[in-house]
Ligand SMILES: [Cu+2]
């Protein structure tokens with residue numbers, strides 16, 4: 001009895017990569033596993049394991065391969081699959097959390113030598129593969145990160161909050177109690193002292209870090225704040241109307 005060459009296609013497998021938001025971890029946003037080796041014809045299924053906003057988009061791929069880009073996954077359990085047919089090394093990231101280090105690598109068959117790759121320099125100006133949602137691409141230059149903290153006081157008149165935040169590795173900030181400016185459009189009225197929050201902070205054009213998005217630490221936030229394609233604080237802007245405060249208005253079933 002003999003087998004003739006069994007093609008890898010005959011044994012194609014599906015692997016799962018989780019998209020994780022873990023507020024207890026030093027690195028809050030990550031792919032798990034971050035690195036995987038598969039064979040040509042295998043499929044990766046990215047699964048969003050909680051309600052948050054993640055995607056997977058290639059920044060370097062083997063020559064001749066496509067730059068993949070998933071849609072933005074927001075719901076718990078949302079997933080996206082992609083089949084890798086071209087051998088080599090693929091590096092990718094989550095667009096909203098690139099600055100926070102949410103990156104991954106897929107090796108298909110054998111790794112590529114650098115000269116066998118296309119892409120590579122990470123920027124948000126790819127254009128060539130349909131990256132059309134992001135107006136002026138300012139995000140690549142701005143520093144932004146997510147943090148968690150406990151509110152001490154809210155200064156509505158000056159749009160500031162005083163809080164104790166946990167370390168923010170992406171900005172090399174240690175644990176600190178401080179005043180932080182809050183961008184226009186972020187509703188502070190619903191916040192109370194001793195409330196635990198997650199927040200998104202961004203270096204503004206005037207070199208001031210401002211909070212551009214606030215979520216209660218129980219994960220509740222208004223999904224209207226973070227629709228891909230809008231001027232979303234998770235990306236680069238802060239021009240949202242005061243549209244939080246009414247809970248999950250966008251989730252009608
Ligand atoms: Cu992400």
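Read-outs throughout are calculated quantities, based only on the coordinates presented, and are distinct from any laboratory measurement. Bear in mind the structure is a predicted one, so any value in this text is a computation, not a measurement. Note that each Cβ is placed from the backbone with ideal geometry, even for glycine, and that neighbours are counted across all protein chains shown.
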Inset, instruction - Mind giving me the FRET efficiency for residue 43 and residue 23? R0 is 22 Å, r the Cβ-Cβ distance, nearest 0.05 is fine. - result: 0.15
Legend entry - Point-to-point label distance, residue 79-residue 34, nm (Cα→Cβ direction, 7 Å offset): 2.4 nm
Legend entry - Amide N proximity, region 28-69 versus residue 196 label position 7 Å along Cα-to-Cβ, cut-off under 19 Å: 28-29, 50-52
Legend entry - Within region 13-120, percent of DSSP bridges classed antiparallel, to nearest 5: 70 percent
Inset, instruction - Can you put 15, 29, 90 in order of Cβ neighbours within 10 angstrom, beginning with the fewest? - result: 15, 29, 90
Inset, instruction - Using a cut-off of under 13 Å, list every residue of region 15-38 whose amide N is near the label point 7 Å from the Cα of residue 50 along the Cα-to-beta-carbon line. - result: 19-30
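Need the full-extension length gain, residue 115 to residue 150, defined as separation in residues times 0.36 nm minus the C-alpha distance. One decimal, nm. Numbers along the way, then the final one.
Details: separation 35, 0.36 × 35 = 12.60 nm, distance 4.83 nm.
Gain in length upon complete extension: 7.8 nm.
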Legend entry - Where labels lie 7 Å past Cα in the beta-carbon direction, separation of residue 13 and residue 208 in nm: 5.3 nm
Inset, instruction - For residue 157 and residue 105, calculate 0.36 nm times their separation in residues minus their Cα-Cα distance, and state this gained length in nm to one decimal. - result: 14.1 nm
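Tell me, what are the semi-axes, in whole angstrom and largest first, of the equivalent ellipsoid of region 13-120 as set by the roots of 5 times the Cα gyration tensor eigenvalues?
Taking √(5λ) for each Cα gyration eigenvalue gives 23, 14, 12 Å.
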